[in-house]
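Only one structure is covered here, and it is reproduced in the block below.
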Amino acid sequence: MAMTATAAPGERVARRRNAAFAWTLPALVLILLFFVTPVLGLMLRSVTEPTLGLQNYAELIGTGTYARIFANTFLVAGVVTALSVVIGYPVAWALAVLPRPWGQLVFAIIILSMWTNLLARTYAWMVLLQRTGVINKTLIGLGVIDKPLALVNNLVGVTIGMTYIMLPFVILPLVGVIRAIDPAILRAGALCGANSWQCFTRILLPLSLPGVAAGALMVFVMALGYYVTPALLGGTANMMLAEMVAQFVQSLVNWGMGGAAAFVLLVVTLALYAAQLRFFGTRRIG
Amino acid sequence: MTSAFIEIRDIKKHYGPITAVKDVTLDIRKGEFMTFLGPSGSGKSTTLYMLAGFEYPTAGDIKLNGRTLLDTPSHKRNIGMVFQRYTLFPHLTVGENVAFPLRIRRMPKADVERKVKEALRLVRLEGFEDRKPALMSGGQQQRVALARALVYDPPVLLMDEPLSALDKKLREEIQFEIRRIHQETGVTILYVTHDQEEALRLSDRIAVFSQGKIDQIGSGQTLYAEPATRFVAGFIGDSNFIDTDVVSVEGSHATLALPGGKLVSGVPLHSAGPGKTAALLLRPERIDIRAADGGPDGALKGTIRDITFLGNNTDVLVEIPAGKQLSVRIPFGHPMLGGLKPALPVALSFNPETVHAFQG
């Protein structure tokens, strides 16, 4: 009697858990079918086409042109990440401390820009940055420069356009992290003798570092694989990784090389994610 | 001219149409333990924040050692502060937290180490240097905060309800520690609390705040025995108030008509207005109670409604005419207690010299 009484609830819990698992099955099948299989397929093609072996990877690493594309990609992603953090941090801080209506207004502007079509925004930058665009005209009009600057069809244009697009991805996670920091902690810092700069570098920044890391990682990873903006604002001479993959697959129909390039990108991304988890994953704020 | 260490002169603080501090003037002596006591919204914390430099007064001046503090930003005031919430830097260890103000001041490394050790010994947390604040109890965190606020030997220590997040037993333990630290260091302490018991236990003097101004400043004993306003009388200690009619006024004393018709004369009267009524303060332990079976009449007649034994005291709840209930406190073993039981008619009396009336 006692035995069945104690066993029954346990069994019931287990049965309920199985039932819950059954509900997740369609989603799991979907993920397996449309996410895991293609990645594995691509990886397989990268080591089997045209023949079995690592020749595709050897060619990627060994060829100067491809190496330059990798270098371009990491350089642009790095600069975009750095700029996004440098510009985004003060904005996030302002959003966190601004009185409500103002904070909400800035927040709305950021969200609206995010919701605007990506192509529209990228073309807008093209218009702004071109030789006869508003920026060059203004600078010439002010007498800052004599000849228009080459702001588009090169990596400068790509960097400007991508920084603009990536900013919200730094700002939004940072706002939450900064809001969670008790202002009384900064007041305590001030009474301890720390001026505003010292309060920032020694208290606010270290406490918000997990947010900075999360935002920076997201931006860096997205920037590494970004296609539309580099394709429109970049030049043919300075390709980025996603453009190269597209070219391999679309123009050259070389699935082996395309797969290899995509797989390298995936491995780098996973490595960065692992590093972020390692350094910031377990840390909690407050 | 004055020998005051801290002079607060006619300070006001308005937030738009809201007045947080109306008009506060206060002198604090060097080494004094001064408590700002009052309910929330009475302006006590705002006054403290103006001393810390987090708020700027709308009018008035605050001087430390004869020099105005108002032109100095918080980080240059060299004042220590312990906050209501836990404000240790969570990314630093206990040792690094206490060392923080010294490192900001670029003190040599060896001195920093010595001072941190001393400060942690003062709050009895030696050996906790490498602990992270998150792994410590609330009481320990506030003691570290105290060490951090004292490590640079500030002339003034501000404390903004530092114990309100702690449970009663721990609170009393740390109150004792704060007293000891005050005596050992001789630092001038300004302490904000809404807990009258805490204020009485810690302070040399208490400033009672009410609605943005100070009602009375004095030692705990003075505030209890000689309250200047009805608010102070009600806020410090337990109190009964009964409504009386003012029959006549003789200087600072009055003759009052009690409920039931009896007259008492020679009651100290504190006038806040020309009203015909006055609230009479009767401390529960100052009322004599006796069964109303013959013998001389008391000042008030009533009926016992409830008797509560509280160990060292017994509280007797007595209903007097007009439905008002008074609490009478009798020490353990007192002969007055004999024979008291619920529903018993009783006579209450008191010495008019030791009570106070507040004319409204």
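The values are calculated or read from the model by the stated rules, or taken from the named source; none is laboratory data. Small disclaimer: the values here were computed from a predicted structure and weren't measured. Backbone-built Cβ (ideal geometry, glycine too); neighbour counts: all protein chains shown. The protein model used for the area step is the full one, side chains on, heavy atoms only, and it has no ligands, DNA or RNA in it. Shrake-Rupley method; radii C 1.70, N 1.55, O 1.52, S 1.80 Å.
The figures follow:
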read-out	value
Karplus 3J(HN,Hα) series, Hz, for region A:46-57 with 6.51 cos²θ - 1.76 cosθ + 1.60 (x for Gly, Pro)	5, 10, 10, 10, x, 10, 5, x, 9, 4, 5, 5
Computed over region A:103-246: relative contact order in percent, which uses C-alpha pairs under 8 Å that are six or more apart	30
Region B:173-231 and region A:89-127: distance between their alpha carbon centers, rounded to Å	51
Beta bridges by DSSP in the protein assembly as shown, antiparallel share as percent, to the nearest 5	75
Calculated from backbone phi, Karplus (6.51, -1.76, 1.60) coupling profile of region B:76-90 in Hz, x at Gly/Pro	10, 6, 6, 10, x, 8, 10, 9, 5, 8, 6, 10, 5, 6, x
Centre separation in Å (Cα based) which lies between region B:317-360 and region B:27-45	34
A:Ala271/B:Leu310 FRET efficiency (R0 45 Å; Cβ-Cβ; nearest 0.05)	0.05
Loop trypsin sites (Lys or Arg not before Pro), region B:267-360 (other Cβ atoms within 10 Å of the site Cβ: 16 or fewer; DSSP)	B:Lys276, B:Lys324
Amide proton proximity set for B:His270, modelled H, under 5 Å, gap of 5+	B:Ala357, B:Phe358, B:Gln359
Relative contact order (%) - criterion: Cα under 8 Å, at least six apart; region: chain A	28
Top positive-direction residue, dipole computed over chain A with Cβ charges, set A:Gly133, A:Ala20, A:Gly78	A:Ala20
Kirkwood hydrodynamic radius (C-alpha pairs) into Stokes-Einstein, region B:6-230, 4 °C and 1.567 mPa s, D in µm²/s	72
Nearest-0.05 FRET efficiency for A:Leu105 and B:Arg29, computed from C-beta distance (R0 51 Å)	0.50
For B:Ala299, residues with placed amide H under 5 Å, excluding near neighbours	B:Leu348, B:Ser349, B:Phe350
Shielding of B:99-109 by partner chains, average beta-carbon count, 10 Å	3
Chain pair A, B: total accessible area buried, heavy atoms, 1.4 Å probe, Å²	1900
In order through region B:109-119: 3J(HN,Hα) via Karplus (6.51 cos²θ - 1.76 cosθ + 1.60), integer Hz, x for Gly, Pro	4, 5, 5, 4, 4, 5, 5, 5, 4, 4, 5
For q = 0.08 Å⁻¹, Debye-computed log10 I/I(0) when each Cα of the protein assembly as shown counts as one equal scatterer	-0.86
Angstrom value of the Kirkwood radius, inverse mean 1/r, which spans all Cα pairs in region A:114-190	15.3
Folded to 0 to 90 degrees: helix B:168-185 orientation relative to chain B principal axis, Cα	60
Local electrostatic count, A:Thr229, Cβ distance below 12 Å [Lys/Arg +1, Asp/Glu -1]	0
Calculated SAXS-style log₁₀ I(q)/I(0) at q = 0.08 Å⁻¹ - region A:61-285, Debye, Cα scatterers	-0.38
A:Leu112 paired with B:Asp111, simple spin-label distance in nm, labels 7 Å along Cα-to-beta-carbon	5.6
Interatomic Cα distance distribution for region A:174-282, bins of 10 angstrom, percent	13, 29, 22, 18, 12, 5, 1
Accessible area per residue in Å² at 1.4 Å probe, computed on region B:246-360	50
Probe 1.4 Å, accessible area per residue of region A:61-285, Å²	50
